[in-house]
Amino acid sequence: MALDYGSVRTGLACSDVGRVLATGIPTFVSGVGKSLRRHVQQVAQDREVTGVVIGIPVPDAQHSADGIASSNPIPTSTSAPSTPISATSNSIPTTSPVPSPFVLEIFALAKWLDQNLGLPVALWDETMTSREAEERLRVAPKKVRMDKGAVDRLAAEVLLQEFLEAGCPFETQAYERWQRQMTPDLGRQD
């Protein structure tokens, strides 16, 4: 399952059991009495989800400095991943010493999901997903273009498809080495 997190709308996508094709599912819209965390728990249970990937923005400066790009394949010992980030770690790749409040919200959500779902959770570079979703919407029927949640749902679909095509790298030894070398320890976020 993939989440394109937003403070108002969160796009969701799931894959087939063979982990080949990502498909968007209805967008979650925040509101009084609604809990994204409970919603994701229910969807994960209903759809027998085996892992969760959450999109996280990686600044352009980080892309050029570290060689991270959305099109990078599974990490090797000499290249950075297209950014799977362990939700159990207390570090996030960033070029600034303090991540934005939005990034900290995403990290807190990932950590909560990791602790409460019993599934692997990864953060993945979402830099180009919304742009790709908007491109897809340009050729979509008017009814689809008018749906406010369509961009978020398609962005989650693009995010999950990239993750599937990279081999679902929730954890890899190369990534763990890269993470230790490239990310600052931000301390506990509990």
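The values are calculated or read from the model by the stated rules, or taken from the named source; none is laboratory data. All values reported here derive from a predicted model rather than from experimental measurement. Glycine gets a Cβ as well: all are built from the backbone with ideal geometry, and neighbour counts include every protein chain shown.
Some values worked out for this structure:
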read-out: Answer residue from the stretch 13-52, given it is of a type in the set (A, V, I, L, M, F, W, C) and touching a Leu at 6+ places or on another chain (Cβ under 6 Å) and is nearest to Leu164 (Cα to Cα) among those; value: Ala22
read-out: Of all residues making up the stretch 124-153, the number that are within 13 Å of the chain's Cα centre (by Cα) and closer than 15 Å to Ala13 by Cβ; value: 6
read-out: Residue count, the stretch 12-59 (criterion: touching a residue at least 40 places away in the same chain (Cβ under 8 Å) and either in a strand (DSSP E or B) or β-branched (Val, Ile, Thr) (or both)); value: 22
read-out: Subset of the stretch 149-170 that is among the small types (Gly, Ala, Ser) and not in a helix (DSSP H, G or I) - its residue that is modelled with the lowest pLDDT; value: Gly149
